[in-house]
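Peer 1: Take a look at this one; I'll ask things after.
The values are calculated or read from the model by the stated rules, or taken from the named source; none is laboratory data. Since the structure is predicted, the reported quantities are computational estimates derived from the model, not experimental observations. Here Cβ is always computed from backbone atoms with ideal geometry, including for glycine, and neighbour counts include all displayed protein chains.
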Amino acid sequence: MFTGIVEELGEVADLTDLGDSVRLTLRGPTVVDGVRHGDSIAVNGVCLTVVEADGETFTADVMRETLDRSSLGALRAGAPVNLERPMRLDGRLGGHLVQGHVDGTGVIEERQPSPNWEVVRISLPSDLERYVVHKGSITVDGVSLTVAAVAPGSFAVSLIPTTLALTTLGRKQVGEPVNLEVDIVAKYVERLLAPAPAPFPEDHA
């Protein structure tokens, strides 16, 4: 479980195409500190398992399905990435509950800069619209954000200078994809309010 509070702006040090998967080597001295084989690190909001690690980099394998369903498939060597280690049980929940399981991708449609912040409008897949509400939480490229406005097919967030400087969201341009994870609480509420599923038929074999 993560919080959506990015610890470090890392970068892709190397990328190896293995056909049905990709092996990513990512540079992030802060998140690598103390990491071991099998630990999890969120990369642009996608929970990945550490295969190898040294003093400054770690390596993770990304399945084809993950590449197809997230923006990780568009990464290239040298690209910046948002990195976050899992939340400690004795830590503070600075953002909101984030699983690192991307629900879909959006595209940056508009950026409106102002002296003290920037409003960014992002496209929203139709199957995720019901989970996104004004003043609710959403994760964009692994960053916990508050929804500033919602419209059919899109939503807007306001980015403060710290977010612009210390995450990929300060660098993403109009037309570029971003990973989206909606609030897990909204999905649980939907499940609880839905009609009970039919029981599995008994096996008479």
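Peer 1: Suppose we filter the stretch 80-92 for residues that are out of contact with any helix residue (DSSP H, G or I) (no Cβ under 6 Å at 6 or more places or on another chain) and crowded, with 18+ Cβ neighbours inside 10 Å; how many remain?
Peer 2: From the stretch 80-92, those out of contact with any helix residue (DSSP H, G or I) (no Cβ under 6 Å at 6 or more places or on another chain) are 81, 84, 86-92; that's our starting set.
Now drop any that are not crowded, with 18+ Cβ neighbours inside 10 Å, which leaves 81, 84, 87.
Matching residues across the stretch 80-92 total 3.
Peer 1: A further question follows. Would you mind finding the one in Gly45, Gly95 that is under 19 Å from Ala186 (Cβ atoms), crowded, with 17+ Cβ neighbours inside 10 Å and modelled with pLDDT of 90 or more?
Peer 2: Testing whether each residue is under 19 Å from Ala186 (Cβ atoms), crowded, with 17+ Cβ neighbours inside 10 Å and modelled with pLDDT of 90 or more leaves just Gly45.
Peer 1: Looking at the stretch 107-117, can you tell me whether even one residue there is within 17 Å of the chain's Cα centre (by Cα) and either without any contact (Cβ under 8 Å) to a residue 40 or more places away in the chain or more than 18 Å from Leu9 (Cα to Cα) (or both)? Give the derivation first.
Peer 2: Kept after step one, since they are within 17 Å of the chain's Cα centre (by Cα), are these residues of the stretch 107-117: 107-108.
Still in the list and also either without any contact (Cβ under 8 Å) to a residue 40 or more places away in the chain or more than 18 Å from Leu9 (Cα to Cα) (or both): 107-108.
The answer is yes, given that some residue of the stretch 107-117 is within 17 Å of the chain's Cα centre (by Cα) and either without any contact (Cβ under 8 Å) to a residue 40 or more places away in the chain or more than 18 Å from Leu9 (Cα to Cα) (or both).
Peer 1: Could you tell me whether Ala198 is more than 18 Å from Gln99 (Cα to Cα) and either modelled with pLDDT of 95 or more or not small (Gly, Ala, Ser) (or both)?
Peer 2: No; evaluated as a whole, the condition is false for this residue.
Peer 1: I need a count of the residues in the stretch 70-89 that are closer than 16 Å to Gly142 by Cβ and in contact with an Asp or Glu (Cβ under 9 Å, 6 or more places away or on another chain).
Peer 2: Residues that pass the stated criteria total 10.
Peer 1: Go through the stretch 112-141 residue by residue and tally those that are touching a Leu at 6+ places or on another chain (Cβ under 8 Å) and under 21 Å from Ile184 (Cβ atoms).
Peer 2: First, pick out the residues of the stretch 112-141 that are touching a Leu at 6+ places or on another chain (Cβ under 8 Å): 117-120, 122, 124-125, 128, 132, 137-141.
Imposing the further condition that a residue be under 21 Å from Ile184 (Cβ atoms) reduces the set to 122, 124-125, 128, 132, 137-141.
The qualifying residues number 10.
Peer 1: With the checklist (1) touching a residue at least 24 places away in the same chain (Cβ under 8 Å); (2) more than 13 Å from the chain's Cα centre (by Cα) in hand, flag the one item Val46 doesn't pass.
Peer 2: (2)
Peer 1: Considering only the stretch 31-42, I want to know if a residue exists there that is farther than 24 Å from Val185 by Cβ and part of a helix (DSSP H, G or I).
Peer 2: Looking only at the stretch 31-42, we keep the residues that are farther than 24 Å from Val185 by Cβ, and these are 31-39.
When the remaining residues are screened for being part of a helix (DSSP H, G or I), the result is 31-32.
Yes, some residue in the stretch 31-42 is farther than 24 Å from Val185 by Cβ and part of a helix (DSSP H, G or I).
Peer 1: Regarding Val143, is this residue crowded, with 21+ Cβ neighbours inside 10 Å and touching a residue at least 24 places away in the same chain (Cβ under 8 Å)?
Peer 2: Working: crowded, with 21+ Cβ neighbours inside 10 Å: yes; touching a residue at least 24 places away in the same chain (Cβ under 8 Å): yes.
The answer is yes for Val143.
Peer 1: Quick one: would you say Ser40 is surrounded by 15 or more Cβ atoms within 10 Å (Cβ to Cβ), in contact with a Cys (Cβ under 6 Å, 6 or more places away or on another chain), touching a residue at least 60 places away in the same chain (Cβ under 8 Å) and small (Gly, Ala, Ser)? Walk me through how you get there before you give the answer.
Peer 2: On the way: surrounded by 15 or more Cβ atoms within 10 Å (Cβ to Cβ): yes; in contact with a Cys (Cβ under 6 Å, 6 or more places away or on another chain): yes; touching a residue at least 60 places away in the same chain (Cβ under 8 Å): yes; small (Gly, Ala, Ser): yes.
Yes: the conditions hold for Ser40.
Peer 1: So, one more: Residues to consider are Pro161, Pro152; find the one that is loosely packed, with under 10 Cβ neighbours inside 10 Å, in contact (Cβ under 8 Å) with a residue 12 or more places away in the chain, not assigned by TED's automatic domain parsing to the domain that holds Glu65 and not polar (S, T, N, Q). Let's see the steps before the verdict.
Peer 2: Details: Pro161 fails: loosely packed, with under 10 Cβ neighbours inside 10 Å.
Checking each option against the conditions leaves just Pro152.
Peer 1: Let me ask you something else. Based on this model, can you work out whether Asp183 counts as of a type in the set (D, E, K, R), modelled with pLDDT under 95, touching a Leu at 6+ places or on another chain (Cβ under 8 Å) and farther than 21 Å from Leu26 by Cα?
Peer 2: Values: of a type in the set (D, E, K, R): yes; modelled with pLDDT under 95: yes; touching a Leu at 6+ places or on another chain (Cβ under 8 Å): yes; farther than 21 Å from Leu26 by Cα: yes.
When the stated conditions are applied, Asp183 passes them.
Peer 1: Right, another one. Which one of the conditions (1) outside any strand (DSSP E or B); (2) surrounded by 15 or more Cβ atoms within 10 Å (Cβ to Cβ); (3) among the basic types (Lys, Arg) does Arg23 fail to meet, given that it meets all the rest?
Peer 2: (1)
Peer 1: Here's another thing I want to ask about it. Within the stretch 63-75, is even one residue more than 14 Å from the chain's Cα centre (by Cα), in the same structural domain as Val22 (by TED's automatic domain parsing), under 21 Å from Arg23 (Cβ atoms) and assigned to a strand (DSSP E or B)?
Peer 2: Scanning the stretch 63-75, I find at least one residue that is more than 14 Å from the chain's Cα centre (by Cα), in the same structural domain as Val22 (by TED's automatic domain parsing), under 21 Å from Arg23 (Cβ atoms) and assigned to a strand (DSSP E or B), so the answer is yes.
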